[in-house]
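Contents: one structure, followed by commentary.
The values are calculated or read from the model by the stated rules, or taken from the named source; none is laboratory data. Note that the structure is a prediction, hence the values are computed from the model and not measured. All Cβ positions, glycine included, derive from the backbone under ideal geometry; neighbour counts span all protein chains shown. Side chains are part of the model used for accessible areas, which takes the heavy atoms of the whole protein and leaves out ligands, DNA and RNA. Shrake-Rupley method; radii C 1.70, N 1.55, O 1.52, S 1.80 Å.
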Number of protein chains: 4
Amino acid sequence: MGNKHDKKARSRELGIIIGRYPSGKHNAITDVKGVKVGQVTLRSGSGRLRPGRGPVRTGVTAIIPAPGDLWKSKLPAGCFVLNGNGEAMGLMWLAESGVLETPVAFTNTLSVGVVQKAIVDLMLGQHPTIGITDDTLTPVVMECDDSTLNDIRGQHVKAAHVRAALKAASPGPVTEGDVGAGTGMTTYEFKGGIGTASRVTPGGFTVGVLVNANHGKRHLLRINGAAVGAKIPELMPKERKDGSITVVLATDAPLDSRQLSRLARRAMLGVCRTGAIAANGSGDVCVAFSTANRIPHYPKDPVFKMTLLSDFHIDPVFEAAGDAAEEAVINSMLAAETVVGRDGNTVYALPHDRLKAVLAGKD
Amino acid sequence: MGNKHDKKARSRELGIIIGRYPSGKHNAITDVKGVKVGQVTLRSGSGRLRPGRGPVRTGVTAIIPAPGDLWKSKLPAGCFVLNGNGEAMGLMWLAESGVLETPVAFTNTLSVGVVQKAIVDLMLGQHPTIGITDDTLTPVVMECDDSTLNDIRGQHVKAAHVRAALKAASPGPVTEGDVGAGTGMTTYEFKGGIGTASRVTPGGFTVGVLVNANHGKRHLLRINGAAVGAKIPELMPKERKDGSITVVLATDAPLDSRQLSRLARRAMLGVCRTGAIAANGSGDVCVAFSTANRIPHYPKDPVFKMTLLSDFHIDPVFEAAGDAAEEAVINSMLAAETVVGRDGNTVYALPHDRLKAVLAGKD
Amino acid sequence: MGNKHDKKARSRELGIIIGRYPSGKHNAITDVKGVKVGQVTLRSGSGRLRPGRGPVRTGVTAIIPAPGDLWKSKLPAGCFVLNGNGEAMGLMWLAESGVLETPVAFTNTLSVGVVQKAIVDLMLGQHPTIGITDDTLTPVVMECDDSTLNDIRGQHVKAAHVRAALKAASPGPVTEGDVGAGTGMTTYEFKGGIGTASRVTPGGFTVGVLVNANHGKRHLLRINGAAVGAKIPELMPKERKDGSITVVLATDAPLDSRQLSRLARRAMLGVCRTGAIAANGSGDVCVAFSTANRIPHYPKDPVFKMTLLSDFHIDPVFEAAGDAAEEAVINSMLAAETVVGRDGNTVYALPHDRLKAVLAGKD
Amino acid sequence: MGNKHDKKARSRELGIIIGRYPSGKHNAITDVKGVKVGQVTLRSGSGRLRPGRGPVRTGVTAIIPAPGDLWKSKLPAGCFVLNGNGEAMGLMWLAESGVLETPVAFTNTLSVGVVQKAIVDLMLGQHPTIGITDDTLTPVVMECDDSTLNDIRGQHVKAAHVRAALKAASPGPVTEGDVGAGTGMTTYEFKGGIGTASRVTPGGFTVGVLVNANHGKRHLLRINGAAVGAKIPELMPKERKDGSITVVLATDAPLDSRQLSRLARRAMLGVCRTGAIAANGSGDVCVAFSTANRIPHYPKDPVFKMTLLSDFHIDPVFEAAGDAAEEAVINSMLAAETVVGRDGNTVYALPHDRLKAVLAGKD
């Protein structure tokens, strides 16, 4: 477990500046104060697929959205499903209630049940009243299909991995690329996976995005508008499915559920500027939350106060959401290393030198 | 496992005739040809709640929607979320794709992950290409919270129970009440759980509904319009949560996804005629499918033909859906026996004699 | 213009007590402080339909949701479309923005454009900046089809009628039945139209509902649960279409857009307890607003405060919404007189004596 | 009325090739067989705004989606609202019924009511049973706000203009830019308005898009990915609002309502690749229809057959939709001439020579 690359250049280090707003300190979702990310990478075996035995190229990426007891003091949240091919547990209640009250986890498609149960079990442990005098819970777990590289049928993610990812969650820089839930992901037919970025609006609000990118056709890939994919047709994987992209957006702007669902839409627009067309087989989902207000659980006082940003001042936050999401996808590809998975399937890293040449107009 | 009552009278045997259309042969969802229902009831222990040890009052109810290979030959499907408190796995893709391609299962809230994994594993076994060359799958699993009676934290539902429920699935009469996923359910503060009913429209289409009813406040209960709940204030449980109701509707009317989502709405209207107000803490969800067309998987021929019912002829199907759903809720209560669960919590059966007296205007 | 009946008994005066909460002073939407209703009734001509000349049986019902300048100081609002057969202007922006910033008007299907333009013109007059430096506006106008009685093709509603309805808007009792937009409406194949009711929750919140009821089949009509329609099969109109029902809900409970959309759903559930099945040809729409917070227009300060009711305390408001809506439908029928319209088409008043006999179990 | 420019170069003539699929014969929505477009341009007066008198810079663009009687023989249709600031009449029923049964019209925000009434009146004339024995109708009318250039408060669009636009509707090339409803529109702070494009998929399906583009901030403008807007900061209008973009998509691919709503989403993704962020004040709406099946009105036979494209073969149609929409936005700007409107407000044409220099990397 764990995944340490030699540090590869991120977008801005390569001169790829998406949008006009500055990024936060770490250019990561963790720039929103209180947000923590933890990842567990499962990588073992090689050669021919023997379902149940490997090779294993998968993992878990967990987001703890705010400090304190989320169950007792929830966050306003919204979501947007651009295309619904996949499983996204917990969204029905998130959309109805307008709150997020659990951590959020990314994993592979066939492991959502296990990951959800692991989070349920952890929260049962923390809250002895859940499922007795208190309501039950529905954690948010989203997935992408890593079966091109991973023995997905083997369901190698276990509860211990989820606990480890949550335990490892920390503020600060986020490891990107072929790590955590991103270990087996393919992005525009290059290796991708986990990516993140952030923006700070002129009004001082921070918007951070974390993606698990597993979508896209090569010829459609655009990097900051440049038709990079069409110009790098080589290094193609042998097999390809439509894939998916799951997105979490965090902000400290004081937004409610309706506004956060709007923001989730704009994050997906940013994703699509990299070339996503929301293919039939893609599960393109964004969950967005705000850390600026906390929503009480079973409060005695029936009313409470919220501070809200006027919609008339929301456009910079919209713009920031799209820009951060666009960059997060690119960062996922820039960070990832070539991965050889089951049956020798190889998904190649986007070669930085080729990219630089294309962006410089020399290719 | 298994649950055999002395046969108790169902709605029609008590003279409770909901709506103007006749029911099908079994007055059950299985009147739609090809639909099979299987249930496993978990009932053990008594006395004080010892989380993980019991008492156990829970189960699984599985619906196999049509014969043959659902994965290769899918069914048009739609859904409606009246209130989203709860987990309903598989709905995102069902809504996007307009198809149902797996069995549907009901269980308790904290067991959705396990039940989903069990169905995944079964389908992986049947389809060696899933998760390798083929896409992955997202089975439909819906839940209600049975924690008033059941050691829900103990998560006593295991994969073997899901397999047993699917194996037990059969056409013909459906056992109702405190059985399968309905074992621990509470309906209008009486014992309820699994209920079913069907209707045949003048056009010859059959509509069948199966509910797992775990919702409602006593004072709101209406049976065929009569304010029964207000007139039987006794036999109340000590504890009460908002609960939920999950609904599956089957029809042989040739409807597409859009129309089936409309039909799912009408089923929920029928449910609400029994007194449901879609309380904040309730997960009120309906999945509807049609057996009249099959949708091919990865077809070589890009186009296929469907036969569809014109919306201008759909009103009788709407009416049938509401009536069947309304009766299914009542049947769930009529069939259930009093259940004593964890901590001695007792949920009483609706007493038929009291009901008859109220309906006869003698109470 | 104007419509004064001999006062007919309303639900409560006939002993029809829907639900357990008390009504407000006037048992009307105007019990929510600040809400005003104004109506203009157009009734002229008789005999054979001569499109463009009459007979005329139509009108306008206008709701002014709060005092002061709605454009500059908006109301949180939500909506729910149970079935979308019809036109409901202004809902797209209401749903996106979560606010109501104009009066709401009911009229007939072919007059929505004229009524909308009349409100636009009035607001342009009040706000010289709209459409120059300020955004344009999209008033909320909803319709039902009164063509069974009215020369709907003649489009007899003019801007002056809209202005008169708004000018006539007042607090206090609301005239019900065949008045305003309800003049030509048919409810469960009896004469109906405008109806209203209110409820006060134990927490002290008032919920008021105003309906324009033009929906329903006779055999489905239920009054407080009793199958009244099936027992009064006589007095049927010659012609019948599916119709529609448009609903406005007002409350002083401090709710936001998400919560108000939830409330709008519960109002429609109450409507459906009277026998509505949301028929294919029915436009069943509810707009809900709260007067407890005002939302600033183009505020200099980007943030503002809202006081909100916790969802954990919302169930009584849900229950009140359904009960008030259910009663409003019944009140619309109780108030209406028999109307003879175009081509001698006659829609009969629900006979109070027959109703009383049925409810007393004597019929 | 009428708007003939010296022919300006369209995207492809400038070497701007969006996507990999060829365009149809006219690279216009009219490449979908049977689709006709008609426009009326209102352009009169100059100088200071005198509301009601001018200057007038507005119009109507009408799409007749298929030959024959749309009312009796409808088209499958879907829609997508990316952001709901604005009015889009007819969408509620289109979404519920899944059909389009009227022409579609674009106009300015304050003229939707008049335009809708004009179409209603025309259809009443063609169908003497509408509003008597037949249901009433809800035409599809969408708007953008042209108040920067136009005396929008003057509401200069009259029924005669709508009739003229429909009468002028023809197949073949479509005039683009500052014409019809696009006369007063602003696109990325350049002059834009009506634009169109089409694509033919490898499977032989044609997808055509028509936009009325009135959205976008200059710095966000991208043309085929190039950050053109940031590089041409000059020629800015004095005043600017968020604007909107309304989109109609036509295809001969055999798709149903669900699929067409999916397609409408992909069209909006293409729009957003030009730099749209769906700003708070923007009404971003797409209506999509298919000409491959006709849906019968009040059919005697309750069932009918449809031929449908499998979702597993839909990705090329998705890709085509996005590409055509992206190009349609650009075409709208390339075609438009500089327009001086009310109060001397000037919206400049995108200078082709500057654009060419930027695209060539010389700027």
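Evaluated against (1) in a loop (DSSP other than H, G, I, E, B); (2) out of contact with any Ser or Thr (no Cβ under 9 Å at 6 or more places or on another chain), A:GLY113 falls short on exactly one condition, (1). What is the residue count in region B:216-253 for residues that are open to solvent by less than 10 Å² (accessible area, probe 1.4 Å), farther than 27 Å from B:GLY15 by Cα and assigned to a loop (DSSP other than H, G, I, E, B)? Counting residues in region B:216-253 that are open to solvent by less than 10 Å² (accessible area, probe 1.4 Å), farther than 27 Å from B:GLY15 by Cα and assigned to a loop (DSSP other than H, G, I, E, B) gives 1. Pull up region D:239-265, narrow it to residues that are closer than 24 Å to A:PRO316 by Cβ and among the charged types (D, E, K, R), then point me to the one that is farthest from the other protein chains (Cβ to nearest Cβ). That would be D:ARG240. Among the residues examined, A:PRO22 does not qualify as over 20 Å from the mean Cα position of the chain (by Cα) and modelled with pLDDT under 95.
Considering only region B:75-90, I want to know if a residue exists there that is open to solvent by less than 30 Å² (accessible area, probe 1.4 Å), free of Cβ contacts under 8 Å to residues at least 60 places away in the same chain, touching a helix residue (DSSP H, G or I) at 6+ places or on another chain (Cβ under 6 Å) and over 27 Å from B:VAL340 (Cα atoms). Checking region B:75-90: at least one residue is open to solvent by less than 30 Å² (accessible area, probe 1.4 Å), free of Cβ contacts under 8 Å to residues at least 60 places away in the same chain, touching a helix residue (DSSP H, G or I) at 6+ places or on another chain (Cβ under 6 Å) and over 27 Å from B:VAL340 (Cα atoms).
Could we say that B:VAL104 is of a type in the set (Val, Ile, Thr), within 19 Å of the chain's Cα centre (by Cα) and facing chain A (nearest Cβ under 9 Å) here?
Working: of a type in the set (Val, Ile, Thr): yes; within 19 Å of the chain's Cα centre (by Cα): yes; facing chain A (nearest Cβ under 9 Å): no.
Judged against the criteria, B:VAL104 is not a match.
Here A:PRO55 meets the list (1) under 27 Å from A:GLY270 (Cβ atoms); (2) crowded, with 24+ Cβ neighbours inside 10 Å almost entirely, failing just condition (1).
Going by the conditions given, is D:ARG43 within 23 Å of D:THR346 (Cβ to Cβ) and within 13 Å of another protein chain (Cβ to nearest Cβ)?
Judged against the criteria, D:ARG43 is not a match.
In the set A:GLY113, A:GLY90, only one residue is touching a Pro at 6+ places or on another chain (Cβ under 6 Å) and not hydroxyl-bearing (Ser, Thr, Tyr); that residue is A:GLY90. If you go through region B:205-238 and keep only what is more than 23 Å from the chain's Cα centre (by Cα) and more than 14 Å from chain C (Cβ to nearest Cβ), you end up with B:ILE232, B:GLU234, B:LEU235, B:MET236, B:LYS238.
Yes or no: C:LEU350 modelled with pLDDT of 95 or more, closer than 15 Å to C:LEU221 by Cβ and not charged (D, E, K, R)?
Numbers: modelled with pLDDT of 95 or more: yes; closer than 15 Å to C:LEU221 by Cβ: yes; not charged (D, E, K, R): yes.
In short, yes.
For C:MET268, the stated conditions hold: it is away from chain A (no Cβ under 13 Å), in contact (Cβ under 8 Å) with a residue 40 or more places away in the chain and under 18 Å from C:MET142 (Cβ atoms).
Quick check: anything in region B:239-250 in contact (Cβ under 8 Å) with a residue 60 or more places away in the chain and more than 20 Å from the chain's Cα centre (by Cα)? Steps first, answer last, please.
The initial filter retains those residues of region B:239-250 that are in contact (Cβ under 8 Å) with a residue 60 or more places away in the chain, namely B:239-250.
Adding the requirement that they be more than 20 Å from the chain's Cα centre (by Cα) leaves B:239-240.
The answer is yes, given that some residue of region B:239-250 is in contact (Cβ under 8 Å) with a residue 60 or more places away in the chain and more than 20 Å from the chain's Cα centre (by Cα).
Applying the condition of being open to solvent by 10 Å² or more (accessible area, probe 1.4 Å) and among the basic types (Lys, Arg) to region A:336-363 and asking which residue is farthest from A:GLY52 (Cα to Cα) yields A:LYS362. Among the residues making up region D:185-204, a single one is closer than 19 Å to D:ILE63 by Cβ, within 14 Å of another protein chain (Cβ to nearest Cβ) and assigned to a loop (DSSP other than H, G, I, E, B): D:MET185. Kindly check whether there is at least one residue in region D:95-104 that is in contact (Cβ under 8 Å) with a residue 40 or more places away in the chain, buried (at least 24 other Cβ atoms within 10 Å of the Cβ), among the hydrophobic types (A, V, I, L, M, F, W, C) and within 20 Å of D:VAL162 (Cβ to Cβ). Yes: one or more hits. Looking at region A:208-220, I want the residues that are within 24 Å of A:LYS238 (Cα to Cα) and have a partner that is of a type in the set (Lys, Arg) with Cβ atoms under 8 Å, at least 6 apart or on another chain. Which pairs are those? That search, which allows pairs on different chains as well, returns A:LYS217/A:ARG240; A:HIS219/D:ARG20. Take the residues of region A:287-308 that are open to solvent by 20 Å² or more (accessible area, probe 1.4 Å) and under 30 Å from A:ALA213 (Cα atoms): which is farthest from the other protein chains (Cβ to nearest Cβ)? Only one residue tops the list, namely A:THR291. One residue stands out among those in region B:107-129 that are crowded, with 21+ Cβ neighbours inside 10 Å and among the β-branched types (Val, Ile, Thr): the one that is nearest to the other protein chains (Cβ to nearest Cβ), which is B:THR109. The lone criterion from (1) closer than 30 Å to B:LYS33 by Cβ; (2) part of a loop (DSSP other than H, G, I, E, B) left unmet by B:ASN150 is number (1).
Suppose we filter A:ASP323, A:ASP311, A:ASP284, A:ASP315 for residues that are more than 13 Å from the chain's Cα centre (by Cα), more than 10 Å from chain C (Cβ to nearest Cβ) and touching a residue at least 24 places away in the same chain (Cβ under 8 Å); which single one remains?
Values: A:ASP311 fails: more than 10 Å from chain C (Cβ to nearest Cβ); A:ASP284 fails: more than 13 Å from the chain's Cα centre (by Cα); A:ASP315 fails: touching a residue at least 24 places away in the same chain (Cβ under 8 Å).
Exactly one residue qualifies, and that residue is A:ASP323.
Take the conditions at pLDDT 95 or above, in contact with a Leu (Cβ under 7 Å, 6 or more places away or on another chain) and within 14 Å of chain A (Cβ to nearest Cβ) and apply them to B:HIS156. Does it pass? For B:HIS156, the condition - at pLDDT 95 or above, in contact with a Leu (Cβ under 7 Å, 6 or more places away or on another chain) and within 14 Å of chain A (Cβ to nearest Cβ) - is met. Scanning region B:236-262 for residues that are over 15 Å from B:LEU100 (Cα atoms) and either at pLDDT 95 or above or in contact with a strand residue (DSSP E or B) (Cβ under 6 Å, 6 or more places away or on another chain) (or both) returns B:MET236, B:PRO237, B:GLY243, B:SER244, B:ILE245, B:THR246, B:ALA253, B:ARG262.
Might you check whether a residue that is touching a residue at least 60 places away in the same chain (Cβ under 8 Å), open to solvent by 10 Å² or more (accessible area, probe 1.4 Å), within 26 Å of D:LEU70 (Cα to Cα) and away from chain B (no Cβ under 14 Å) occurs anywhere in region D:327-335? Lay out the reasoning, then the answer.
The initial filter retains those residues of region D:327-335 that are touching a residue at least 60 places away in the same chain (Cβ under 8 Å), namely D:327-335.
Pick out the ones that are also open to solvent by 10 Å² or more (accessible area, probe 1.4 Å) and you get D:335.
Then drop every residue that is not within 26 Å of D:LEU70 (Cα to Cα), which leaves none.
The answer is no, given that none of the residues of region D:327-335 is touching a residue at least 60 places away in the same chain (Cβ under 8 Å), open to solvent by 10 Å² or more (accessible area, probe 1.4 Å), within 26 Å of D:LEU70 (Cα to Cα) and away from chain B (no Cβ under 14 Å).
Taking C:VAL141, is it at the interface with chain D (Cβ under 9 Å from one of its Cβ atoms), assigned to a helix (DSSP H, G or I) and farther than 12 Å from C:THR58 by Cα? For C:VAL141, the condition - at the interface with chain D (Cβ under 9 Å from one of its Cβ atoms), assigned to a helix (DSSP H, G or I) and farther than 12 Å from C:THR58 by Cα - is not met. Scanning region B:48-101 for residues that are within 20 Å of the chain's Cα centre (by Cα), within 14 Å of chain A (Cβ to nearest Cβ) and outside any strand (DSSP E or B) gives B:ASN85, B:GLY86, B:GLU87, B:GLY90, B:LEU91, B:MET92, B:TRP93, B:LEU94, B:ALA95, B:GLY98, B:GLU101. Among the criteria (1) without any contact (Cβ under 8 Å) to a residue 24 or more places away in the chain; (2) among the β-branched types (Val, Ile, Thr); (3) open to solvent by less than 10 Å² (accessible area, probe 1.4 Å), the one B:ILE132 does not fulfil is (3).
Inside region C:156-170, can you point out the residues that are assigned to a loop (DSSP other than H, G, I, E, B) and open to solvent by 10 Å² or more (accessible area, probe 1.4 Å)?
Step one: filter region C:156-170 for residues assigned to a loop (DSSP other than H, G, I, E, B), giving C:156-158, C:169.
Residues satisfying the conditions are C:HIS156, C:LYS158, C:ALA169.
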